[in-house]
1. Is region 23-34 home to any residue that is crowded, with 21+ Cβ neighbours inside 10 Å and either small (Gly, Ala, Ser) or closer than 27 Å to Glu362 by Cβ (or both)?
2. Looking at region 146-164, is at least one residue more than 23 Å from Pro51 (Cβ to Cβ) and touching a helix residue (DSSP H, G or I) at 6+ places or on another chain (Cβ under 6 Å)?
3. Considering only region 35-53, state which residues are assigned to a loop (DSSP other than H, G, I, E, B) and either open to solvent by 20 Å² or more (accessible area, probe 1.4 Å) or modelled with pLDDT under 95 (or both).
4. Condition first: of a type outside the set (S, T, N, Q), touching a Lys or Arg at 6+ places or on another chain (Cβ under 6 Å) and within 17 Å of Asn41 (Cβ to Cβ). Now tell me which residues in region 114-152 satisfy that.
5. Answer yes or no as to whether Ile85 is in contact with a helix residue (DSSP H, G or I) (Cβ under 9 Å, 6 or more places away or on another chain) and β-branched (Val, Ile, Thr).
6. Looking at region 310-324, which of its residues are in a loop (DSSP other than H, G, I, E, B), more than 17 Å from Leu367 (Cβ to Cβ) and open to solvent by less than 30 Å² (accessible area, probe 1.4 Å)?
7. Can you give me the number of residues within region 221-248 that are over 24 Å from Cys350 (Cα atoms) and either among the hydroxyl-bearing types (Ser, Thr, Tyr) or open to solvent by less than 40 Å² (accessible area, probe 1.4 Å) (or both)?
8. Would you point out which residue out of Ile327, Ile296 is surrounded by fewer than 21 Cβ atoms within 10 Å (Cβ to Cβ), of a type in the set (A, V, I, L, M), closer than 22 Å to Tyr54 by Cβ and in contact with a strand residue (DSSP E or B) (Cβ under 8 Å, 6 or more places away or on another chain)?
Amino acid sequence: MLPVSDFIEVARSRGSGEALRAGAPRRFAGSGEHAPVIIWNVCMHCNMTCPHCYAAAVSEPSPTDLSSEEALGLLDQMAACGVKIVIFSGGEPLLRGDLLDLMAHAKSLGISPQLSSNGVLIDEKVAAALKERGVDYVGVSVDGMRDFNDDYRGMEGGTEAALRGLRCAKAAGMRTGLRMTLTSRNVAQLPEMIEVARGVEVDRFYVSHLVYSGRGFKVSDEDLTRDVARETLTRLFEIAERNLIADEGPRVTTGSNDSDGPFLLRWIEARYGAEAAAPVEELLVQRGGNSAGERILNIDARGRVHPDQFWRAAVLGDVRKQSFAEILEHPMRDELRGRTERLTGRCADCSYKPICRGSHRERALALYRDPWAPDPACVMEDAEIGVVSTAQPTAQSTAQPAAGSHENTGKEVA
């Protein structure tokens, strides 16, 4: 997650970024200084059918989901290992009958429960119950305006229900975010969606890049070209800047592509000068780019642990067979801490490697069958990152991921 508005604010104020560091110590800490944030897919079923769903959610509950007893015990183990934040996700997590009990238990253990949802099941009663269980942030996915989004996500009336959910969460006193995953099918709707976010008064507008995982693997040809991604990011940075100047509207964040960091840094340098950009660069280095397997881990509905929610091919352990503490000692976590020495191609030679750290290994694995190959969705040009032009495909390429590559090679790196 790249807090675009926060970094622009540091540049505009000509500040050191100390307040930003103090306000988000985990975000700017080294990978070994804190226990990871856990994204937990507590169930695999959902009431929507989004074509880009990384979890490839199904319509009916699965008998392989962790039981209530197993889930409560897992929270105990996470707390004992120092975990402080759990993002409850799915599928649609609100379809899990004991979700509120799990959240309450997490809170009692000193873990901050957060919710990632499609929002359609959140009404005033549910919002109040979430707040009572200690939830302080609700993120809701809406991928476009009403007619497009209802069809795209497979639920008539889903857009209005999701926006109602955001309003209810906001009214109950929780921070809220609207998340939009960009593809070639909806990118033109971005300006309108920012106005929608402003209208429902969310705290954060989260723009996510497409990751070729789950059903997202099948729609990878809908990813943005590099030129379109750059134009879109530039427009987004300008909107974030205008919101800061006007002191209104949501904070802008991007996710799932750490090359956004170098691109933002160059935009800030051009806009505000090298002196204003220097503390931003320092913060970006401290943030450290992609941290899958280090500051973030994913637990799927069956209890398998992955480096992040997208990288399902890599399994670090199974909570039904091992303790969470044992899983945290998996050697792949050390490999990922040293990932900058393993990267190949243009990522290996990139001058912004300390800021990006190769971005998402899942896209590299899907396209090249190699977890250390370049991220094909990098938004930076070769000349900008100080490398000689390569023949490897980029996000501008029409090359498609090799069939099954996201599944067949994961065990080699697990």
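1. Filtering region 23-34 for residues crowded, with 21+ Cβ neighbours inside 10 Å gives none.
The answer is no, given that none of the residues of region 23-34 is crowded, with 21+ Cβ neighbours inside 10 Å and either small (Gly, Ala, Ser) or closer than 27 Å to Glu362 by Cβ (or both).
2. No, that holds for no residue.
3. Within region 35-53, the first condition is being assigned to a loop (DSSP other than H, G, I, E, B), and the residues that meet it are 35-36, 42-44, 46-53.
Those that are assigned to a loop (DSSP other than H, G, I, E, B) and either open to solvent by 20 Å² or more (accessible area, probe 1.4 Å) or modelled with pLDDT under 95 (or both): Ala35, Met44, Cys46, Asn47, Thr49, Pro51, His52, Cys53.
4. Across region 114-152, the qualifying residue is only Gly139.
5. Working: in contact with a helix residue (DSSP H, G or I) (Cβ under 9 Å, 6 or more places away or on another chain): no; β-branched (Val, Ile, Thr): yes.
No: the conditions fail for Ile85.
6. The initial filter retains those residues of region 310-324 that are in a loop (DSSP other than H, G, I, E, B), namely 310-316, 319-323.
Retained after the next criterion (residues that are more than 17 Å from Leu367 (Cβ to Cβ)): 315-316, 319-323.
Once the filter is applied, which keeps residues that are in a loop (DSSP other than H, G, I, E, B), more than 17 Å from Leu367 (Cβ to Cβ) and open to solvent by less than 30 Å² (accessible area, probe 1.4 Å), region 310-324 yields Leu316, Val319.
7. Let us first name the residues in region 221-248 that are over 24 Å from Cys350 (Cα atoms), namely 221-222, 235-236, 238-248.
Right, trim to either among the hydroxyl-bearing types (Ser, Thr, Tyr) or open to solvent by less than 40 Å² (accessible area, probe 1.4 Å) (or both) and you get 222, 236, 239-241, 243-244.
Qualifying residue count, region 221-248: 7.
8. Details: Ile327 fails: surrounded by fewer than 21 Cβ atoms within 10 Å (Cβ to Cβ).
None of the other options fit; the residue is Ile296.
The values are calculated or read from the model by the stated rules, or taken from the named source; none is laboratory data. None of these values were measured; they are calculated from a predicted model. Every residue, glycine among them, receives a Cβ derived from its backbone with ideal geometry; neighbour counts consider all protein chains shown. The accessibility values were calculated without ligands, DNA or RNA, using every heavy atom of the protein model including side chains. Shrake-Rupley method; radii C 1.70, N 1.55, O 1.52, S 1.80 Å.
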